[in-house]
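Worksheet: one structure, shown below.
The values are calculated or read from the model by the stated rules, or taken from the named source; none is laboratory data. As the structure is a computational prediction, the values presented were derived from the model and not from experiment. Here the Cβ positions follow ideal geometry from the backbone for every residue, glycine too, while neighbour counts run over all protein chains shown. What goes into the accessible areas is simple: the full protein's heavy atoms, side chains included, and nothing from ligands, DNA or RNA. Shrake-Rupley method; radii C 1.70, N 1.55, O 1.52, S 1.80 Å.
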Amino acid sequence: MQLQDFDIDVFLRDHWQKKPMLIKNAWPSWDNPITPDELAGLACEPQIESRLITKTGEAWNVENGPLPEARFGELEAKDWALLVQAADHYVPAVAALIEPFRFIPNWRIDDVMVSYAADGGGVGPHYDQYDVFLIQGLGKRRWQVGEICNSDTPMLPNSDLRQLAEFQPTQEWILEPGDILYVPPRIPHNGTAIGDDCMTYSIGFRAPSRAELIADYCDDLLEHLDDDDRYSDTGLKLQSNPGEIPAAAIEQLHTMLTEKINDRETFVRWFGAYNSTRKYPDMDWTPEEPLQSGQVHNILANGACLLRNPASRFSFIRHEGNSVSLFADGDCYDCTDETTALAEQICSQEIVYVDSELTASQQTIALIAKLYNKGSLALDDGE
Ligand code: SIN
Ligand code: CO
């Protein structure tokens with residue numbers, strides 16, 4: 001589905017990562033995909049990350065889920081909000097909200113957070129490191145945005161909510177069901193429910209920090225490094241001052257470091273696998289009994305389609321020479337000419353209808369079997 005009255009090219013040129021954009025009445029017809037009661041139910045589940053934020057006067061309080069069901073009966077009529085992470089993993093209609101935003105590559109998608117707020121409820125002024133599309137689902141919310149922040153921006157002490165010490169709004173809008181507000185990273189924002197039954201869907205886009213890339217890549221490299229792989233100075237020349245670390249030693253030491261970090265092929269494979277690692281591993285579709293390729297072939301020949309595990313992250317990288325590696329759930333699958341088409345299809349579609357050309361290929365069936373046995377894909381025969 002496409003958003004109406006929304007020009008992707010103009011958005012990417014003028015707004016993405018640059019400035020907020022309000023898209024009024026963006027859906028041809030808007031249906032709120034999950035009820036407040038269903039959302040409260042998710043917040044009671046132990047494997048789902050949720051937070052309840054209450055405000056009493058100027059004091060904010062955060063309770064982490066899972067919440068006891070009785071907690072909802074104790075809440076005041078005003079000034080609280082419930083936030084549920086990754087609701088798209090549990091509710092297909094919430095996952096469907098991502099579809100119109102596929103003009104941003106999948107590898108950048110984080111998840112869909114859903115919030116419910118009573119009148120006056122919200123999380124206070126803050127900024128995120130993420131791009132976010134805030135879809136108003138039910139009721140009304142006032143959104144205020146301000147000027148870009150950075151790590152020097154003063155924050156309230158000890159705030160779990162990472163709230164700003166000062167917030168000067170420069171623009172504000174009241175969103176109604178079906179409206180969308182895009183907010184770029186580090187643009188401070190404050191959403192306050194106006195009236196009851198305010199629901200907002202946040203489609204978040206992650207971007208790795210340099211610190212995270214360096215730390216996690218180096219951790220991975222370290223696992224494959226050998227203690228015998230050391231600096232050596234055979235042919236050492238006498239130097240005039242024994243206190244100097246000579247340029248030649250620095251050169252060799254620096255090369256020891258950079259030749260590992262600079263290896264693009266190693267980096268590509270690491271990044272693909274790293275980026276496809278699940279944020280929430282609980283959604284386990286691993287079958288009790290793994291299937292053999294022959295069984296997978298028969299199930300597909302009977303018309304079953306492939307369903308992606310909503311918690312799995314799929315992507316592919318094209319290497320020089322055009323070969324492709326598929327990544328899912330932290331694993332790398334190097335594709336052949338026969339399996340590349342399937343890999344590309346899985347990465348671009350939630351549901352893959354497997355045609356006879358694909359089922360005729362043993363390599364393709366073997367790849368499907370591997371992904372099925374890992375719990376990344378299900379075989380859906382409609383039952
Ligand atoms: C909310 O939905 O209440 C908060 C979303 C956000 O500010 O990022
Ligand atoms: Co935010």
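Give the shape of region 167-244 as rounded, prolate or oblate, defined through the alpha-carbon gyration tensor: a ≥ b ≥ c are the square roots of its eigenvalues, a/c under 1.5 means rounded, and otherwise the shape is prolate if a/b is larger than b/c and oblate if not. Show your work: numbers first, answer last.
Values: a/c = 6.67, a/b = 3.21, b/c = 2.08.
Prolate.
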*Within region 230-301, which GluC sites (Glu not before Pro) sit in a loop by DSSP and count at most 10 neighbouring Cβ atoms inside 10 Å?*
GLU244, GLU288
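If packing is taken as the average count of other Cβ atoms within 10 Å, what order do 150-158, 82-90, 216-224 fall into, highest mean first?
Numbers: 150-158: 9.8, 82-90: 24.0, 216-224: 12.3.
By packing density, highest mean first, the sequence is 82-90, 216-224, 150-158.
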*asked:* Could you check the spin-label model distance between ASN158 and ASP5? Points 7 Å from the Cα along Cα→Cβ, value in nm.
replied: 4.7 nm
*Run the numbers on the chain and let me know its relative contact order in percent, using alpha-carbon pairs under 8 Å that are six or more apart.*
15 percent
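Hey, got a sec? Which GluC sites (Glu not before Pro) in region 1-74 land in a DSSP loop and have at most 14 other Cβ atoms within 10 Å? Mind dumping the intermediate values first?
On the way: sites: GLU38, GLU49, GLU58, GLU63, GLU69, GLU74; in loops: GLU49, GLU58.
Passing both the DSSP loop test and the Cβ count: GLU58.
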_ASP282 paired with SER356, simple spin-label distance in nm, labels 7 Å along Cα-to-beta-carbon_ = 4.5 nm
*With the dipole of region 8-205 worked out from charges on the C-beta (+1 for Lys and Arg, -1 for Asp and Glu) around the Cα centre, which of ASN61, ILE194, LEU75 lies farthest toward the positive end?*
ILE194
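Rolling a 1.4 Å sphere over the protein heavy atoms, what is the accessible area per residue of region 8-205, to the nearest Å²? Display every interim value, and only then the final one.
Details: 8900 Å² over 198 residues.
Per-residue value: 45 Å².
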_With a 1.4 Å probe and all protein chains kept in place, how much accessible area does SER240 have, in Å² rounded to the nearest 10?_
120 Å²
*Once amide H atoms are built 1.01 Å from N in the peptide plane, which residues 5 or more positions from ASP111, or in another chain, come under 5 Å H to H?*
GLY204
*Using a Förster distance of 56 Å, the FRET efficiency for LEU307-GLN252 (Cβ separation, nearest 0.05)*: 0.60
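Under a 1.4 Å probe, what is the accessible area of region 293-380 per residue, stated in Å²? Write out the running numbers ahead of the final one.
Details: 4050 Å² over 88 residues.
I get 46 Å² per residue for region 293-380.
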*Assuming a ≥ b ≥ c are the square roots of the Cα gyration tensor eigenvalues, decide whether the chain counts as rounded (a/c under 1.5), prolate (otherwise, with a/b larger than b/c) or oblate.*
oblate
*May I ask you to derive the FRET efficiency for ASN322 and ASN25 from their Cβ-Cβ distance with R0 = 41 Å, giving the value to the nearest 0.05?*
0.40
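How much of the accessible area of region 230-272, in percent, comes from carbon and sulfur atoms when a 1.4 Å probe is used?
The computed percentage sits at 58.
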*Counting only residues 5 or more places away or on other chains, whose amide H sits under 5 Å from the amide H of GLN4 once H atoms are built in the peptide plane?*
TRP27
*Could you run the Karplus curve 6.51 cos²θ - 1.76 cosθ + 1.60 with θ = phi - 60° over region 147-161 and give me ³J(HN,Hα) per residue in whole Hz, x for Gly and Pro?*
7, 4, 9, 8, 5, 8, 4, x, 10, 5, x, 6, 8, 4, 8
*Given labels modelled 7 Å from the Cα in the Cβ direction, how far is it in nm from GLU344 to ASP331?*
2.3 nm
*Using θ = phi - 60° and the Karplus form 6.51 cos²θ - 1.76 cosθ + 1.60, what ³J(HN,Hα) does each residue of region 164-174 get, whole Hz, x for Gly and Pro?*
6, 5, 9, 9, 10, x, 10, 8, 8, 9, 10
*First compute the accessible area of region 296-383 with a 1.4 Å probe, then give the percent of it belonging to carbon and sulfur atoms.*
44 percent
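Would you mind checking LYS19/LYS279; LYS78/LYS140; LYS279/LYS374 for any pair whose Cα atoms are more than 23 angstrom apart?
On the way: LYS19/LYS279 28 Å; LYS78/LYS140 14 Å; LYS279/LYS374 16 Å.
Table pairs above 23 Å Cα-Cα are LYS19/LYS279.
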*Between ASP131 and residues 5 or more places away or on another chain, which pairs have amide H atoms under 5 Å apart, with H built 1.01 Å from N, and which residues are they?*
PHE205
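Would you mind counting up the charge near LYS78? Only other residues with Cβ under 13 Å from its Cβ, with Lys and Arg at +1 and Asp and Glu at -1. List each step's numbers first, then the result.
Details: positive: LYS55; negative: GLU76, ASP79, ASP119, ASP196, ASP197.
Net charge around LYS78: -4.
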*asked:* Within 10 Å of each candidate Cβ there may be at most 12 other Cβ atoms; applying that plus a DSSP loop requirement, which trypsin sites (Lys or Arg not before Pro) in region 219-275 survive?
replied: ARG230, LYS237
_Given Cβ point charges of +1 (Lys, Arg) and -1 (Asp, Glu) and nothing else, what value in debye, to the nearest 20, does the dipole of region 1-119 about its Cα centre take?_
460 debye
*asked:* Taking the full set of protein chains and a 1.4 angstrom probe, give the accessible area of ARG13 in square angstrom, rounded to the nearest 10.
replied: 140 Å²
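How large, in percent, is the carbon and sulfur part of the accessible surface of region 8-205 at a probe radius of 1.4 Å? Working shown, then result.
Numbers: 4310 of 8900 Å².
Carbon with sulfur: 48 percent of the solvent-accessible area.
Do the sum for the chain: with -39,500 (n - 2.57) for every DSSP H run of n ≥ 4, divided by all residues, what is the mean residue ellipticity at 222 nm, to the nearest 500 deg cm²/dmol? Working shown, then result.
Values: 10 runs with 97 residues, N = 383.
Computed mean residue ellipticity for the chain: -7500 deg cm²/dmol.
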*Prolate/oblate/rounded call for region 64-183, Cα gyration tensor, a/c under 1.5 rounded*: rounded
*asked:* Quick check: the distance between the Cα centres of region 1-57 and region 100-161, to the nearest angstrom?
replied: 9 Å
